Amino acid sequence: MNLLLFNLATDADDPILGFTTSWSNRLAAHYEHIDVITMRAGRLDVAPNVSVYSIGKERGYGEARRAVEFYRVLSALLLRRRYAASFAHMQPLFALMSAPLLRPLNVPITLWYTHRQRHRTLEWATQVSRRVVTASPDSFPIATPKLRVLGHGIDTEFFRTEGEGLRTEKNAPGIPNTSIAADLLLSPQPSVLSPQYVVHVARLMPIKQQATLIRALPSVPTAHAVFVGDVPPEQGTNYRAELEALARDLGVAERVTFAGNQSAEGVRAWYARAAAAVNLSPVGLFDKAALEALAMRVPTIVTNPSFDPLLGDASWRSESPEDHAGLAARLTAILALDPAERERLTSISRMRTVEAHGLDGLIRRLVQVLNTGEMT
């Protein structure tokens with residue numbers, strides 16, 4: 001059986017979408033061949049039976065040119081290969097565009113979408129898809145009987161601590177090149193750090209509530225906030241400047257680090273040094289960054305109730321993304337945890353995260369839906 005896959009980016013080094021390479025490679029074990037049509041391509045590190053075709057966004061092609069390229073590539077592939085299924089990962093547009101060609105050939109479309117935003121293209125793509133899959137019950141904004149909840153797919157063999165067999169090198173690519181992060185992967189995860197790094201992994205956007213963490217810092221004097229991620233190109237750079245100004249106004253600028261975009265290795269490196277993590281995404285944004293932190297056995301404060309079954313302690317969930325006083329109180333409690341209690345709680349959260357959101361389980365469930373439309 002062959003699989004046709006659509007995605008936004010196929011680039012092993014992409015700080016946001018690099019994981020799609022791992023997904024493609026894991027899916028490759030279940031299919032004779034996978035053809036990937038991607039909006040843009042970067043460094044390719046795919047299995048031998050995975051072929052990647054970009055429609056040219058990385059080459060500066062405009063929308064009209066990309067549409068022509070999409071149909072040129074898709075038509076050529078359909079002439080030479082038969083597909084058991086197609087999978088559109090965060091690409092309702094490609095699901096919709098491909099439907100007129102795939103339906104006559106009886107190639108079922110499965111759409112993956114995890115976002116709170118509802119729009120007309122998504123509604124139409126839902127209509128032409130056999131199934132829609134998502135990470136949590138609240139991460140797909142349209143009520144439909146086509147929906148199947150699969151969980152996220154975190155590579156929990158990659159996101160694990162040194163004590164669990166993580167093999168790293170001191171100068172591994174992606175480790176933050178800053179004095180406060182030197183040798184972090186070679187050290188065991190400590191229970192008390194000076195300073196105590198509180199890691200927030202997300203693009204710098206108001207909806208991610210980085211300002212709440214900064215406002216909490218004056219009440220947690222040992223905490224040092226590290227923001228991993230940068231302002232997305234379409235938003236401009238003002239938001240980072242606003243955060244920097246807020247930190248100066250509150251007198252905590254020396255306890256705030258903007259680490260910028262990082263490779264997966266860089267993200268893992270920051271988690272390995274973290275005393276706590278924070279993810280303040282609202283309901284509807286079931287953020288995989290929080291799952292990566294939990295898999296790394298980092299106590300993680302969240303606001304989305306969808307994380308409740310995974311948390312080592314119920315107090316790790318804050319009631320509101322804007323509640324900086326509540327966040328400060330939770331951080332204070334976490335940073336003061338007894339080492340044995342921290343070990344117990346973070347072991348629980350990792351075990352639950354692996355079971356519900358590990359990549360192997362996700363791929364197994366996804367393949368079932370792609371091939372049959374259902375999970376057994």
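The values are calculated or read from the model by the stated rules, or taken from the named source; none is laboratory data. Everything numeric here is computed off the predicted structure, so don't read it as measured data. Every residue, glycine among them, receives a Cβ derived from its backbone with ideal geometry; neighbour counts consider all protein chains shown. The area values use the complete protein model at the heavy-atom level, side chains included, leaving out ligands, DNA and RNA. Shrake-Rupley method; radii C 1.70, N 1.55, O 1.52, S 1.80 Å.
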Members of the stretch 265-312 that are charged (D, E, K, R) and under 15 Å from the mean Cα position of the chain (by Cα) = Glu265, Arg268, Asp287, Lys288, Glu292
So which residues in the stretch 197-240 are in contact with a Leu (Cβ under 8 Å, 6 or more places away or on another chain), within 20 Å of Thr303 (Cβ to Cβ) and either of a type in the set (S, T, N, Q) or open to solvent by 70 Å² or more (accessible area, probe 1.4 Å) (or both)?
-> Gln209, Gln210, Thr212, Arg215
Residue in the stretch 235-250 that is over 25 Å from Ala333 (Cβ atoms) and within 20 Å of the chain's Cα centre (by Cα) present = yes
Do you know which residues across the stretch 122-137 are more than 18 Å from the chain's Cα centre (by Cα) and exposed (fewer than 14 other Cβ atoms within 10 Å of the Cβ)?
-> Gln127
Is the stretch 75-82 home to any residue that is farther than 29 Å from Val201 by Cβ, part of a loop (DSSP other than H, G, I, E, B) and open to solvent by 40 Å² or more (accessible area, probe 1.4 Å)?
-> yes
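Condition check ((1) basic (Lys, Arg); (2) within 25 Å of Asp13 (Cα to Cα)) across all residues:
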position	(1), (2)
Val231	no, yes
Gly251	no, no
Gln262	no, yes
Ala276	no, no
Lys288	yes, yes
Ala295	no, yes
Leu311	no, no
Ala325	no, no
Asp338	no, no
By residue number, the members of the stretch 83-101 that are touching a residue at least 60 places away in the same chain (Cβ under 8 Å), among the aliphatic types (A, V, I, L, M) and either part of a helix (DSSP H, G or I) or open to solvent by 60 Å² or more (accessible area, probe 1.4 Å) (or both) are Ala95
Any idea how many residues of the stretch 213-228 are over 20 Å from Ser263 (Cβ atoms) and in a strand (DSSP E or B)?
-> 3
Which of the residues belonging to the stretch 120-151 are within 22 Å of Leu101 (Cα to Cα) and touching a helix residue (DSSP H, G or I) at 6+ places or on another chain (Cβ under 8 Å)?
-> Thr121, Leu122, Trp124, Ala125, Thr126, Val128, Ser129, Arg131, Val132, Val133, Lys146
Could you list all residues from the stretch 102-121 that are surrounded by fewer than 19 Cβ atoms within 10 Å (Cβ to Cβ) and without any contact (Cβ under 8 Å) to a residue 40 or more places away in the chain?
-> Arg103, Pro104, Leu105, Asn106, Gln117, Arg118, His119, Arg120, Thr121
Just a yes or no: is a residue in the stretch 349-367 farther than 25 Å from Phe159 by Cα, in contact (Cβ under 8 Å) with a residue 12 or more places away in the chain and of a type in the set (Asp, Glu)?
-> no
For residues that are surrounded by 17 or more Cβ atoms within 10 Å (Cβ to Cβ) and aliphatic (A, V, I, L, M), scanning just the stretch 47-72, find the one that is farthest from Leu5 (Cα to Cα).
-> Ile55
In this structure, is Arg26 of a type in the set (Lys, Arg), modelled with pLDDT of 95 or more and in a helix (DSSP H, G or I)?
-> yes
